[in-house]
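> Here you go, one structure.
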Amino acid sequence: MLLHQKIKEVDDFFKRLSMRKPRGVYFYRINSYDETILEFIRKYYELAKKDGAIIDTHIENPTADNIAYFNEIIGDRYVHGPGFIADALKRWLPRIRDYERASMADGIFDTLEVLRRQGKNIEILKNNFTRIMCWLYYNFYNIMERLGSEDIPKIIFWGNVNFSELSTLNILSNAGADIILLQPGGDSQYLSIDSKSQFSIDLKMGSEGFPPGFNLDWLLKLYEDDKNKKMLYSGNVNIKPNTNAWLSGDIFEDLKNIKRGENTAFFYNMFVRINGCDDRNNYTNELYLLYQDLKRANRKVQVINNSITNPSVDEIAKIKRGNYANENQLILDLKTNIKFTNNVFLDVARDAFVDTMIETSKLMNMDLNKIMNKGIYILCWINRYIVELMNGMDIHSPTPILIYFGSVESDTECLFLKMVSKLPVDVVIFNPEKIKDKLEDKNLYNIRFEETLKIREFPTDSVGLSISTTARNAERDLDSMMYSDTGMYRDMQFTKANVIILSTTYEEIAIYWKQEARFRPNFSTVDNAVNIPVICAKVSGVPNSDIDAYFAKIKDLLTDTTLLYKNENIYRSNASVAAGVTSFYKNNRLDKEAIKKWDGFKYDYLRAETQDYILDKLSELLKSKVIVGTGQNGVEYKIITIVLDLPKEILRFIQSFDFTKCPPKLIIVNTTESIISLEDSIIVAFLNLIGFDILFFVPTGYDNISKYFNNQIVKEHIIGNYLYDVAIPDFSRLKAGNNKKKSFFARLFG
């Protein structure tokens, strides 16, 4: 009899008997799940299928023919004692060795003895004896000779056991078998039989519940999927990557090294991320000299700064694709977009793409549309960066180099870089600011330095090359200490912002109106972007019909950064769609780079970050479809036209907008029946996304601002009586409400 032992790690299950310390067998149950558990189950299942036993849900009861054959061999009588059971086992299972037979006889007797003590009569004992003996013969006969041998046989039971099944499995375990019980439904049913876990041990390894429908059919489908996935690959195993194993540790010298190994069955590349810098006073110069050395050695180098720009409409159009019934069809077809004249390159690149798409399918939860979109992006980037790098190269040529400068922020960029790392390309990520990013991979070699340095781009030429002095770096350290998570902010510290519309009372508008954004409710900074609480409201009616006090209140709200429009249009140019605009928006995607290169682009004099911010918010406006008709009848092209042709005063306010300070304002006073135009509605919605505070004053109470908005972005406050034909005064000559002379009692009592 072999004792049940505890494992130290799941790989103990796969050790031979003589290698187990202490010597024994393992009987465990699995009630939770993760990737490690799945890999263990798959490996264990393979052994059970080869030389063990697999039980799905329950052990089938013996048939009448099974029992008849048993009675023919053993006879129809039962004597309750280990001697009778041992003799019956010798005749029924003659291939069992004496030691295992004695162990099994004792186990069967102990099981039946439990029933006898519960008051069961001899007939019930006989029936249970017959069932157990038939189960051993018809379900486990193939493992009998191997019980207790060096290569312990494996049994896997899928589901919840009953008392008889558990007893039988325990008999086999004591005789020399490893057993796992897979219980997707949890442990409660098992514990109702074995409350003290005397027969088996809970593995307690998985971090989550089993996936829905996790059963034997699920596992078999997984094997079938793996088989189908193997067919996606080229089958070319003659060349493999040797990634990082050859590195010396001096990455700059390793990059220059072209003699990396002599085994032609491998290509030698690196996949490295350098976080921080070792000497920031010389770091920029070192990068520049490295680049010069590589170019002098005729090494092909491609540099990506900060992020990979999204594919253009033209790039996407070049990717051949179709409609797919399943993931494998999609991958098989998309990979044909990868084209190299060198067949070895072609196989390596397509196989790397297959790996990447299989990983993508896990990230996207098998959503075919999302998988295809990721695949198209990766293929576009391969065409943009890798085709040129690999052009004219041999698999064993000096390895071309892809440099990514900055932090890797998107899942798609991570997938792309991991794919390229499987090609004969050196992939090096420089992250001198040590910003935490999303890139993780088992093959990624990380180098970490203590110092940090802020550099916009990888220095590829001496034009604009700037090397910071020690004093300048010290100043930056002080700047970082003062303005990182302290609630203090440097002027124009942020270049990106998101808008949160404040839901206020009318009285609170005056409180927050001139308040800096950083002091408003729900202000925050996340991932180098500001969440700006803004006001966007319509004020209807006039309190107490007092028109003088009404306009005095409006006067109070005017600031140096307020745009005021009185019964007039904001947009006064030709509202027809500009020539060329239709090419900028295809497949619900705005081509920002094409806009910047457009001859009609009027914003190229603005700061680069302001241009990017405007185009980002234009894209956000189109995606939100807040303007009625977006995506229909060409309204989206009118939106692009209007936003790319804003009045100069608006552009100046946008460029000078410091997101942590007081937002710029837009006040529109409408005392007529006129409805806000589509063009002005577009500008209002856009400025709302930019971060403007916006107020409509409509003394008439007319519904004259909502016509072109799909979503009600403007909160209405009804504050008094509706008045009509009201003349708007010249606010420059009007005294503010706060300066109005107070009565004696008002001055006395406040």
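The values are calculated or read from the model by the stated rules, or taken from the named source; none is laboratory data. Owing to the predicted nature of the structure, the values given are computational and were not obtained by experimental measurement. For neighbour counting, all protein chains shown are included, and Cβ atoms are generated from backbone atoms with ideal geometry for every residue, glycine included.
> Inside segment 413-457, can you point out the residues that are touching a Leu at 6+ places or on another chain (Cβ under 8 Å) and of a type in the set (F, W, Y)?
F430, Y445
> If D426 passes every condition in (1) surrounded by fewer than 21 Cβ atoms within 10 Å (Cβ to Cβ); (2) among the charged types (D, E, K, R); (3) within 30 Å of F252 (Cα to Cα) but one, which one does it miss?
(1)
> Still on this structure: With loosely packed, with under 12 Cβ neighbours inside 10 Å and either under 39 Å from the mean Cα position of the chain (by Cα) or modelled with pLDDT of 95 or more (or both) as the only criterion, which of K6, K15, K43 stands out?
Working: K15 fails: loosely packed, with under 12 Cβ neighbours inside 10 Å; K43 fails: loosely packed, with under 12 Cβ neighbours inside 10 Å.
When all the criteria are applied, what remains is K6.
> Go through Y585, Y550, Y603, Y565 for me and flag whichever is more than 18 Å from L689 (Cβ to Cβ) and surrounded by 18 or more Cβ atoms within 10 Å (Cβ to Cβ). If you could, list the steps in order and put the result at the bottom.
Numbers: Y585 fails: more than 18 Å from L689 (Cβ to Cβ); Y603 fails: more than 18 Å from L689 (Cβ to Cβ); Y565 fails: surrounded by 18 or more Cβ atoms within 10 Å (Cβ to Cβ).
It is Y550.
> Which condition number does K418 fail, the rest of (1) among the basic types (K, R); (2) at pLDDT below 95; (3) within 20 Å of the chain's Cα centre (by Cα) being met?
That leaves (2) as the condition not met.
> Taking into account only those residues within segment 46-74 that are in contact (Cβ under 8 Å) with a residue 60 or more places away in the chain and part of a helix (DSSP H, G or I), which is surrounded by the fewest Cβ atoms within 10 Å (Cβ to Cβ)?
D51
> Across segment 637-659, what is the number of residues that are out of contact with any Lys or Arg (no Cβ under 9 Å at 6 or more places or on another chain), touching a residue at least 12 places away in the same chain (Cβ under 8 Å) and of a type in the set (D, E, K, R)?
3
> What are the residues in segment 523-548 that are farther than 19 Å from V714 by Cβ and of a type outside the set (V, I, T), if any?
Let us first name the residues in segment 523-548 that are farther than 19 Å from V714 by Cβ, namely 523-531, 543-548.
Residues satisfying the conditions are F523, S524, D527, N528, A529, N531, P543, N544, S545, D546, D548.
> Can you work out which of the residues in segment 441-500 that are in a loop (DSSP other than H, G, I, E, B), over 30 Å from P533 (Cβ atoms) and acidic (D, E) is modelled with the lowest pLDDT?
Taking the candidates together, the pick is D461.
> Something else now. Can you name every residue in segment 692-720 that is modelled with pLDDT under 95 and polar (S, T, N, Q)?
N704, S706, N710, N711, Q712, listed by residue number.
> Identify all residues within segment 288-313 that are of a type in the set (D, E, K, R) and in contact (Cβ under 8 Å) with a residue 12 or more places away in the chain; write none if there are none.
Let us first name the residues in segment 288-313 that are of a type in the set (D, E, K, R), namely 293, 295-296, 299-300.
D293, R299, K300 - these are the residues of segment 288-313 that are of a type in the set (D, E, K, R) and in contact (Cβ under 8 Å) with a residue 12 or more places away in the chain.
> Could I ask something else about it? Regarding segment 57-70, can at least one residue be identified that is among the charged types (D, E, K, R) and under 19 Å from I155 (Cα atoms)? Walk me through it before giving the result.
Looking only at segment 57-70, we keep the residues that are among the charged types (D, E, K, R), and these are 60, 65.
Keeping just the survivors that are under 19 Å from I155 (Cα atoms) gives 60.
Checked against the condition, which is being among the charged types (D, E, K, R) and under 19 Å from I155 (Cα atoms), segment 57-70 yields at least one hit.
> Name the residue, out of N236, N263, that is assigned to a loop (DSSP other than H, G, I, E, B), modelled with pLDDT under 90 and surrounded by fewer than 15 Cβ atoms within 10 Å (Cβ to Cβ). Lay out the reasoning, then the answer.
Details: N263 fails: modelled with pLDDT under 90.
The unique qualifying residue is N236.
> Write out, first by first residue and then by second, each pair whose Cβ atoms fall under 9 Å of each other, whose residues are 6+ apart or on separate chains, and whose first residue, in segment 705-730, is more than 13 Å from I682 (Cα to Cα) and in contact (Cβ under 8 Å) with a residue 40 or more places away in the chain while the second is outside any loop (DSSP other than H, G, I, E, B) and of a type in the set (D, E, K, R).
If the second residue must be outside any loop (DSSP other than H, G, I, E, B) and of a type in the set (D, E, K, R), the pairs left are V714/K538; K715/K538; E716/K538; H717/K538; I728/K566; P729/D548; P729/K555.
> Test F140 against the stated conditions and say whether it is aromatic (F, W, Y), crowded, with 18+ Cβ neighbours inside 10 Å and assigned to a helix (DSSP H, G or I). Don't jump to the end; show me each part of the working.
Numbers: aromatic (F, W, Y): yes; crowded, with 18+ Cβ neighbours inside 10 Å: yes; assigned to a helix (DSSP H, G or I): yes.
Yes; evaluated as a whole, the condition is true for this residue.
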